[in-house]
Protein chains: 2
Amino acid sequence: MELTRWPGIGPKTARRLAIYLWQQPAGVTKKIGDLLQNYQAQISICRQCYNLAEGETCAVCADTSRDRNKLCVVEGPLDIEAIERTEAYRGLYHVLGGVLSPMEGVEEDQLRLRELFQRVQDRPDMEEVILALNTSLESEITARYIRQRLKPMNMKVTRLGRGLPTGGDIEFADEITLMAAFDGRRTYN
Amino acid sequence: MELTRWPGIGPKTARRLAIYLWQQPAGVTKKIGDLLQNYQAQISICRQCYNLAEGETCAVCADTSRDRNKLCVVEGPLDIEAIERTEAYRGLYHVLGGVLSPMEGVEEDQLRLRELFQRVQDRPDMEEVILALNTSLESEITARYIRQRLKPMNMKVTRLGRGLPTGGDIEFADEITLMAAFDGRRTYN
């Protein structure tokens with residue numbers, strides 16, 4: 001059954017969904033089919049930052065009130081959603097589409113890395129590139145690679161702070177998180 | 001049954017433990033009894049920092065190689081264990097024994113707060129007090145209270161960095177953690 005190929009859906013859930021869809025009034029299930037038929041045509045990729053978009057540019061790039069001199073590099077569109085929810089960042093984004101992974105055969109040209117370097121080079125008034133990548137080893141390697149490539153351009157490159165998350169108890173924190181928290185301790189005013 | 005009063009032990013586990021203890025060779029269970037009889041006599045509280053100790057001072061306070069001009073304030077002895085595992089900190093500790101909690105009726109004199117302020121006042125060469133408290137609301141309130149009380153002593157007070165923990169994906173991070181991570185971003189050299 002097609003549904004079992006979807007992420008996070010095993011055979012049991014697939015069966016449950018299939019029965020649910022079959023039990024709906026005829027109109028509802030047909031309408032879902034309609035939506036799916038047009039879904040891919042409606043959602044495209046932003047020409048500038050490779051975020052999901054309806055149209056040529058995404059909502060962030062189209063928003064003229066954003067600070068165009070800050071660029072936040074993320075792995076995927078869901079990261080943008082999470083960061084936008086905080087309302088702590090008002091600059092632009094650049095979606096890599098993953099991270100370098102020799103193990104899984106992901107190399108530079110499968111990501112939007114060349115586009116990133118080009119974008120930074122094309123904007124001499126860019127003030128800061130923020131690497132908002134995850135904490136996996138592959139993400140770290142990708143961050144370091146980007147850092148190396150941006151160095152000759154004299155660009156300020158920052159990365160997100162590491163430390164205790166909300167609800168994080170010191171007693172249960174892993175060593176690297178605690179080390180980062182000590183290392184990144186701040187004056188309490 | 002006595003065992004069900006222990007933390008994290010419900011009636012089922014208690015029954016399982018009871019049967020386990022009964023099934024052991026006679027010597028083993030008796031020996032556990034012996035250990036428990038002497039346990040409280042052997043473990044005491046460090047006179048200086050209120051960490052657990054065997055004897056009058058704990059292992060950290062007794063270690064002459066520690067930096068006596070840094071003081072790390074923690075909620076409990078398990079926090080010290082976690083921080084010691086990182087080997088990132090070489091100063092001394094001060095165990096509060098909890099945090100202020102009006103809801104649970106924990107007030108200043110039930111914690112080692114007066115002892116903390118006295119300790120800081122008695123050491124004019126103290127360089128830094130690091131607040132390594134948890135991230136709960138009560139912990140935050142306690143941290144702020146300590147900060148206020150140490151202000152007139154002109155003491156440098158720091159707190160652990162907040163941000164993404166190890167294995168923390170941006171996509172799933174809560175808003176406060178992400179805001180802290182953005183706020184605490186660091187230049188990537």
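Any read-out appearing in this document is the output of simple, stated calculations on the displayed coordinates, not a laboratory observation. Since the model is a prediction, treat every value here as computed from it, not as a measurement. Quick reminder, even Gly has a Cβ in these numbers, built from the backbone with ideal geometry, and neighbours come from all protein chains shown.
Need one value for B:69-77: mean number of C-beta atoms belonging to other chains within 10 Å of its residues' C-beta atoms.
For this peptide, the per-residue mean of nearby foreign Cβ atoms is 1.
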**Asked** Ranked by Cβ crowding within 10 angstrom, fewest neighbours first, how are A:S139, B:S101 ordered?
**Response** B:S101, A:S139
**Request:** Report, please, the projected area of chain A averaged over directions, based on the convex hull of its C-alpha atoms, in nm².
**Result:** 16.3 nm²
**segment A:74-82 - phi-based ³J(HN,Hα) in whole Hz, Karplus 6.51/-1.76/1.60, Gly and Pro as x** = 10, 7, x, x, 5, 5, 4, 4, 5
**Fill in**
For segment B:18-113, the Debye formula with one identical point scatterer on each Cα and no solvent gives log10 I(q)/I(0) at q = 0.12, 0.14, 0.16, 0.22 Å⁻¹ as -0.56, -0.69, -0.80, -1.05
**Message:** What do you get for GluC sites (Glu not before Pro) in segment A:74-161 restricted to DSSP loop and a cutoff of at most 14 other Cβ within 10 Å of the site's Cβ?
**Reply:** A:E87, A:E104, A:E107, A:E127
**Request:** Round to the nearest 0.05 the FRET efficiency obtained for B:N154 and B:R85 when R0 = 41 Å and r is the Cβ-Cβ distance.
**Result:** 0.80
**Item:** Per-residue HN-Hα couplings for segment B:90-105 [Karplus 6.51, -1.76, 1.60; θ = phi - 60°; Hz; x = Gly/Pro]
**Value:** 10, x, 9, 10, 9, 8, 6, x, x, 9, 4, 8, x, 4, 9, x
**Request:** Using a cut-off of 14 Å between beta-carbons, work out the net charge of the residues near B:Y89 (Lys and Arg +1, Asp and Glu -1, B:Y89 not included).
**Result:** -3
**Message:** For B:I32, place a label point 7 Å from Cα along the Cα-to-Cβ direction in every copy; what are the distances to the other copies, in nm, shortest first?
**Reply:** 5.3
**Complete:** Everything considered on the Cα gyration tensor (a ≥ b ≥ c; rounded for a/c under 1.5, else prolate if a/b is larger than b/c, else oblate), the protein assembly as shown must be described as oblate
**Asked** What number comes out for the charge environment of A:Q40, summing +1 per Lys or Arg and -1 per Asp or Glu over other residues with Cβ under 15 Å away?
**Response** -2
**Prompt:** Using 1/(1 + (r/R0)^6) with R0 = 25 angstrom and r between the beta carbons of B:Q110 and B:R5, what's the FRET efficiency to the nearest 0.05?
**Reply:** 0.70
**Message:** As a check on your reading of the symmetry: which chain B residue has its Cβ nearest the axis that brings B onto A, and how far is it in Å?
**Reply:** B:G163, 2
**Message:** Going 7 Å from Cα along the Cα-Cβ axis for the label, what nanometre distances separate A:A88 from the same residue across the other copies?
**Reply:** 1.7
**Fill in**
Using the Kirkwood radius over Cα pairs of segment A:82-134, the Stokes-Einstein translational diffusion coefficient at 25 °C and 0.890 mPa s, in µm²/s and rounded to a whole number, is 190 µm²/s
**Request:** Calculate, for A:D122 and B:D183, the FRET efficiency according to 1/(1 + (r/R0)^6) with r their C-beta to C-beta distance and R0 35 Å; round to the nearest 0.05.
**Result:** 0.75
**Request:** For the protein assembly as shown, give the magnitude of the charge dipole about the Cα centre (Cβ charges: +1 Lys/Arg, -1 Asp/Glu; no others), in debye to the nearest 20.
**Result:** 160 debye
**Asked** Where nothing but the Cβ of Lys and Arg (+1) and of Asp and Glu (-1) is charged, how large is the charge dipole of chain A around its Cα centre, in debye to the nearest 20?
**Response** 260 debye
**Request:** Take every Cα pair under 8 Å in chain A that's 6+ residues apart, average their separations, divide by the length, and report that relative contact order as a whole percent.
**Result:** 13 percent
**Fill in**
Quick calc, segment A:1-69, dipole around Cα centre from Cβ unit charges on Lys, Arg (+) and Asp, Glu (-), nearest 20 debye, gives 400 debye
**Message:** Distances in nm, one decimal, shortest first, from A:T166 to the same residue in every other copy, taking the label point 7 angstrom along Cα→Cβ.
**Reply:** 2.4
**Request:** Name the long-range amide H neighbours of B:C49: under 5 Å, sequence gap of 5 or more, or other chain; modelled H, no Pro or chain starts.
**Result:** B:C58
**Request:** Mind listing the long-range amide H neighbours of B:C72? Cut-off is under 5 Å, sequence gap 5 or more, other chains count too, H placed in the peptide plane at 1.01 Å from N.
**Result:** B:L92, B:Y93, B:H94, B:I130
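Dividing the convex hull volume of the Cα atoms of segment A:124-188 by its residue count, what figure in Å³ per residue is obtained? Could you put the intermediate results ahead of the total?
Working: hull volume 8.1 nm³, N = 65.
About 124 Å³ per residue, rounded to a whole number.
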**Prompt:** When you look at the Cβ of every residue in A:128-139, what mean number of other chain Cβ atoms sits within 10 Å?
**Reply:** 3
